[in-house]
Amino acid sequence: MAKMKITFLIGSIFFALGLATLTNYNINYDTINHLPRGQAYLRYIVTGKRDYSDLPKPIRYWQKPESLFIDTEASKKDIVKRSIYQNDSLTYDYFLEYDGDGHPPLSDILSSGFNIILFQKLRIINDIDSYRVYGLILASALVGLVYWWGASLYGKIPGIVAAIVIASHPLFWSHAHFNTEKDIPETAFYSFFIFSFWRGITTKSKKWLLVAGLFFGLALGTKLNIIFSFFIITPWLFYYVFSNIPSEKKVITNFFKNNFVFLLTFFSIPIIGLIILIASWPYLWSDPVHGIMRMFGFYKSLGLAKSDANTYALQTIIYTTPIIVIVLSIVGFVTSILRNSNEKDKISMLFILWLLVPVLRVSIPGTNIHGGVRQIMEFVPAMAMLSGIGAKSVLKFLTKKTSSYIAVLIILLPFVTHIANLTKIHPYEQLFFNSFMGGLSGAKEKDFPFWGETYGEQYRLAVEWLNNNAPENSELVFVYELMPNIPPIFLRTDFVFSNVLRSGFLKRGEYAVTMLNKGTQDRSYYDMYLENFLKPVYVANVNGVPILKMWKNDEAHLKKPWIERLDTKAVAKVSDSSLLIELFEEKSLSKLEIDYTEKQCSALENGIAYISRDGSLWDRLPGNLPDDWRVSYLGAQPREGKFIEPFVGQQVKFIRI
């Protein structure tokens, strides 16, 4: 009973801390692909309605992003009981036609249920954050499970260590706040499945195996990672069975005869999973085979590639895991190998496989991983359990040298330092790099793959600053990203928010915001223009490295005066496939303007711009023509006999289009 109370207490503490800090994190940039689908499917499943025609029309209002509760400039009773993700264009019929090339929708549906209850019915939590309570509850339950499992196997202190490891793991803690439609639910269901399966096998409990089937289905309905769990449980199961059953043929035969129902329940797990997958995905109802094959095609396109073995995932784990956790995990790993033969339930082997399989499956030749190790976040609970084993071994050693209280302090004090370091970079914990790498600044200096890449959580605090500092009727654009990355209700209602307002060298005064990471500095003209010519008005930093900047594109924020001189001295040479422009001398350019006749010309379908100082070595300008991204305010270029190509002060003598 005491163990269950501590389990509940630990899970509750994590939930309370997560809820208290939820408003520091923005939505993730995949949200637009998940929540409208979840709402459409949930509405049909619950009511049978295929659209939102009977709901009140959405109104624009300002939900203060710093508040968890419904906190607007309007009265709460005037805020319609409808989510911004209940979109009239993204209905049930839309998803029946266009769904299939993506993850299953179960967690989209369940998180939408939390929105219906917490925002639309109870009016407690705002429209955006109400969805994320779902993932936070699952993360809290998983932290509690890790403690209970560790304490049951190895004692209270190892259980506490294991719980601290997962709760304070930078990847897990940060994603528990915003990655609540995919990776956090998948990690939780994955872990509860392995626990239930272990419990069912070691206690010969049909009920626990049925529970395992339920969690397998919940995981399968969220993401396909759970399929690879069979490479964990199958080797462990054979090892466990043949280590505990005498090898005589008669004994083995009798085992199968006497446990027929138990074995039948065991083999029902994938069937239960498949039933839950199909039942929770209306897109599959008309043609499950075709739909499932289409889904597998999506995963194949993401996970397979013509590649050699790679160590990216392993390196990332090594450099982004707290050093105390690395040490305890290694001790736990070695201890598990040494003690495994003496264990009746072979649990250490289960934890070792659980840690290794997710990493190996994205490291072997022919495989690929995108978006970082969040895609295999299921390794974190296994690492936590091995850390608990390591803590027990270290405690056993230390108590021979000193008192048990001092031994516990020696184990726990490094976590105090680690958590203190995390608070310094809050709420950007997923950008944590340990001292092996030298923090985020070291990762940038060493050009570590995907340094600085996040899932979009930086925007929220930037929007808070904007609401408090921007003058009335200001304009806002993303430098490069897509507009759904910031919920429009987080902005004051007087803002004009549209990417068509990017004005570049026209300097019309729009605010421009973007996340910064590897490769963003020269991905577009607008990125280069803002960075080279304007002083930012807002910067978010981690370890001295800017991870988000906001500029106001006007004369007042120029780094130096903008002086242009018109030069019409150039020679143009036209061929069948290109236009070559040669200046009389090398110039630092701000823009190229060309007037042309459209007579006897077909519209440009695809073009690329190059520049050179000598006519031999060419640099490609970012983007393809026709393009409305360079200076969106001007519209697509070229058009209507006019072509404007912007530059950022490059030294140029030759231009080839």
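The table below gives the values:
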quantity	calculated
Restricting the stretch 221-241 to residues that are modelled with pLDDT of 95 or more, within 15 Å of residue 360 (Cβ to Cβ) and of a type in the set (S, T, N, Q), the residue that is surrounded by the fewest Cβ atoms within 10 Å (Cβ to Cβ)	229
Residue within the stretch 25-46 that is under 30 Å from residue 164 (Cβ atoms), modelled with pLDDT of 95 or more and either open to solvent by 40 Å² or more (accessible area, probe 1.4 Å) or of a type in the set (Ser, Thr, Tyr) (or both) present	yes
Pairs, first farther than 19 Å from residue 18 by Cβ in the stretch 411-434, second of a type in the set (A, V, I, L, M) and open to solvent by less than 50 Å² (accessible area, probe 1.4 Å), C-beta under 7 Å, six or more apart	411/161; 411/391; 411/394; 411/395; 414/324; 433/440; 433/443
Where a residue in the stretch 324-345 is outside any helix (DSSP H, G or I) and its partner, wherever it lies, is modelled with pLDDT under 95 and surrounded by 15 or more Cβ atoms within 10 Å (Cβ to Cβ), with Cβ under 6 Å and at least six apart	345/202
Single residue of 138, 153 found to be without any contact (Cβ under 8 Å) to a residue 60 or more places away in the chain, open to solvent by 10 Å² or more (accessible area, probe 1.4 Å) and within 23 Å of residue 5 (Cα to Cα)	138
Hits in the stretch 155-183 - residues which are closer than 17 Å to residue 322 by Cβ and among the aromatic types (Phe, Trp, Tyr)	172, 173
Residues within the stretch 585-632 that are touching a residue at least 60 places away in the same chain (Cβ under 8 Å), open to solvent by less than 40 Å² (accessible area, probe 1.4 Å) and not in a loop (DSSP other than H, G, I, E, B), tallied	2
Hey, residue 530 open to solvent by less than 60 Å² (accessible area, probe 1.4 Å), at pLDDT 95 or above and within 17 Å of residue 461 (Cα to Cα) or not	no
Among residues of the stretch 64-79, those that are open to solvent by 80 Å² or more (accessible area, probe 1.4 Å) and part of a loop (DSSP other than H, G, I, E, B), counted	2
Residue match in the stretch 176-192 (condition: within 23 Å of the chain's Cα centre (by Cα), buried (at least 24 other Cβ atoms within 10 Å of the Cβ), assigned to a helix (DSSP H, G or I) and of a type in the set (D, E, K, R))	yes
Those residues of the stretch 431-450 which are in a loop (DSSP other than H, G, I, E, B) and open to solvent by 20 Å² or more (accessible area, probe 1.4 Å), in sequence order	432, 433, 435, 436, 438, 446, 447, 449, 450
Residue match in the stretch 619-632 (condition: farther than 22 Å from residue 564 by Cα and among the aromatic types (Phe, Trp, Tyr))	yes
Residue satisfying all of: in the stretch 633-657; in contact (Cβ under 8 Å) with a residue 60 or more places away in the chain and out of contact with any strand residue (DSSP E or B) (no Cβ under 7 Å at 6 or more places or on another chain); farthest from residue 564 (Cα to Cα) among these	633
Extreme residue, surrounded by the most Cβ atoms within 10 Å (Cβ to Cβ), among residues of the stretch 480-511 that are closer than 28 Å to residue 608 by Cα and among the charged types (D, E, K, R)	502
Considering residues of the stretch 554-573 that are part of a loop (DSSP other than H, G, I, E, B) and touching a residue at least 40 places away in the same chain (Cβ under 8 Å) only, the residue most open to solvent (accessible area, probe 1.4 Å)	562
Matching entry among 630, 613 (being basic (Lys, Arg), modelled with pLDDT under 95 and in contact with an Asp or Glu (Cβ under 9 Å, 6 or more places away or on another chain))	630
Given (1) in a strand (DSSP E or B); (2) farther than 30 Å from residue 601 by Cβ, index of the condition residue 582 fails	(2)
Filter pass, residue 365 being open to solvent by less than 20 Å² (accessible area, probe 1.4 Å) and in a loop (DSSP other than H, G, I, E, B)	no
Candidate set from the stretch 512-524 (those that are open to solvent by 10 Å² or more (accessible area, probe 1.4 Å) and touching a Leu at 6+ places or on another chain (Cβ under 7 Å)); member that is farthest from residue 461 (Cα to Cα)	516
Pairs, first within 29 Å of residue 463 (Cβ to Cβ) in the stretch 9-24, second among the hydroxyl-bearing types (Ser, Thr, Tyr), C-beta under 6 Å, six or more apart	14/140; 15/140
Test for residue 215: is it in contact with a Ser or Thr (Cβ under 8 Å, 6 or more places away or on another chain), of a type outside the set (Gly, Ala, Ser) and at pLDDT 95 or above	yes
Long-range neighbours under 6 Å by Cβ, at least six apart or interchain, first residue touching a residue at least 12 places away in the same chain (Cβ under 8 Å) within the stretch 532-545, second open to solvent by less than 70 Å² (accessible area, probe 1.4 Å) and among the aromatic types (Phe, Trp, Tyr)	534/551; 536/551; 538/465; 542/428
Criterion violated by residue 222 - all others in (1) part of a helix (DSSP H, G or I); (2) in contact with an Asp or Glu (Cβ under 9 Å, 6 or more places away or on another chain); (3) among the polar types (S, T, N, Q) satisfied	(1)
Residue under evaluation residue 576, criteria (1) open to solvent by 80 Å² or more (accessible area, probe 1.4 Å); (2) assigned to a helix (DSSP H, G or I), criterion not met	(2)
Filter result for residue 563 (at pLDDT 95 or above and aliphatic (A, V, I, L, M))	no
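Matching residues to (1) of a type in the set (A, V, I, L, M, F, W, C); (2) touching a residue at least 24 places away in the same chain (Cβ under 8 Å):
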site: 102; (1), (2): no, yes
site: 114; (1), (2): yes, no
site: 119; (1), (2): yes, yes
site: 124; (1), (2): yes, yes
site: 131; (1), (2): no, yes
site: 171; (1), (2): yes, yes
site: 175; (1), (2): no, yes
site: 178; (1), (2): yes, yes
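The values are calculated or read from the model by the stated rules, or taken from the named source; none is laboratory data. It should be emphasised that the depicted structure is a prediction, and the values quoted were computed from it without experimental measurement. In this analysis, Cβ positions are derived from the backbone assuming ideal geometry, glycine residues included, and neighbour counts consider all displayed protein chains. Each accessible area value is taken on the protein alone, full model and side chains, heavy atoms only, with ligands, DNA and RNA left out. Shrake-Rupley method; radii C 1.70, N 1.55, O 1.52, S 1.80 Å.
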